[in-house]
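Structure first, then comments.
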Amino acid sequence: MRKEDAELIAPEALAAELGRPGLRLVDATWIAPAQGLDPRASHAEARLPGAVFFDIDRVATPSGDVPHMLPDAETFAAGVGALGIGPEDHVVVYDQSGVASAASRAWWTFLHFGQRRVSLLDGGLPAWRAARLPVETGRAAPAAVDRPATPGRLPVLDRAAVLAGLAGGTPLVDARSPERHAGAGPEPWGEPGRIPGSVNLPYAELLDAHGRLLPDDELRRRVDAAALPAAPGGVYCGSGVTACVVIFALARLGRGTPALYDGSWAEWVRTPGSPRERD
């Protein structure tokens, strides 16, 4: 992944581009089921002009009780083609509450499957509305396109690869909160704890109070303070979503392309024999 792949776009800059051929706006909001909210309904109530809804739970590979596992190339191509998005389009992804939800996961997934250019809307829908820019209601009805299936190109870890890395002494980065990393806070995906040896870089500490990514100099300071290993084995979180905020930040700082542990803690803790530790 190149540093320029981690592109943020401000609401005003995006507004000036509306109507440009090849620009595709994508609401990728995901909300934990326990919250009892419907992101599709919220999308229909207020969305960016022409935006479509990308559901990470539907464009996915079914995997028992582990949610939104990465789809295969054919499933992704079919799901995104139905939204009218071709591989050469410029995709701008946002969510309904800053960049901390599934927008970063969608950014990563689109790049993984060869999208030419993918940006994140800085601050998401709240920043757009704060700038008094127009919104639409209802659901867009794009014309489907025939999109080729492109093999994934970004590094992805499964449980077996994580176990092999642990055996070789390669630590992972944990993007969850310090409390969840320590095994002291509530854990929505099962028993609390962490993957042994993992280093904590909470994704929330890379965002400001409005869900915007911090400026690069402050990002660099916080990443440096986390004392990450020079070559981490990968990044995980609760279910493979907010880990992508950390991957985005590291890419933006030119810190390489760490792998995503797709199943993350949801898979790890629910699979017998997975070693774990806690403070």
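No lab work stands behind these numbers, since they all come straight from the coordinates. Keep in mind that this is a model prediction, so the values were computed, not measured. Using ideal geometry, Cβ is built from the backbone for each residue, glycine included, and neighbour counts are taken over all protein chains shown.
Rounded to the nearest 20 debye, what is the charge dipole size of the range 196-279 about its Cα centre when +1 sits on each Lys and Arg Cβ and -1 on each Asp and Glu Cβ? Working shown, then result.
Details: 9 positive and 10 negative charges, 18 e Å.
Roughly 80 debye, rounded to the nearest 20.
So what's the gap between the Cα centers of the range 200-256 and the range 9-27, to the nearest angstrom?
25 Å
Which residue, 30, 44, 83, has the largest displacement toward the positive end of the dipole of the range 1-102 when charges sit on each Cβ (Lys, Arg +1; Asp, Glu -1)?
So the residue we want is 44.
Please compute P(r) over all alpha-carbon pairs of the range 48-103, binned at 5 Å starting from zero, and give each bin as a whole-number percent.
P(r) for the range 48-103, in whole percents per bin: 4, 17, 23, 27, 19, 9, 2, 0.
Put one equal scatterer on each alpha carbon of the range 182-233, apply the Debye formula with no solvent term, and list log10 I(q)/I(0) at q = 0.13, 0.30 1/Å to two decimals.
For the range 182-233, the Cα-only Debye profile gives -0.43, -1.12.
Loop-only check: which trypsin sites (Lys or Arg not before Pro) in the range 84-181 are DSSP coil with at most 13 other Cβ within 10 angstrom?
Values: sites: 105, 116, 117, 129, 132, 139, 153, 159, 176, 180; in loops: 116, 132, 139, 153, 176.
Sparse-neighbourhood loop trypsin sites (Lys or Arg not before Pro): 116, 132, 139, 153.
Write out the GluC sites (Glu not before Pro) in the range 1-100 meeting two conditions: DSSP loop, and at most 16 other Cβ atoms within 10 Å of their Cβ. Each step should come with its number before you reach the end.
Details: sites: 4, 7, 12, 17, 45, 74, 88; in loops: 17, 88.
Hits after loop and neighbour filter: 17, 88.
Counting each DSSP H run of 4 or more residues in the chain as -39500 (n - 2.57), what helix-only mean residue ellipticity at 222 nm follows after dividing by all residues, to the nearest 500 deg cm²/dmol? Walk me through the numbers on the way to the answer.
Values: 10 runs with 79 residues, N = 279.
Rounded to the nearest 500, it is -7500 deg cm²/dmol.
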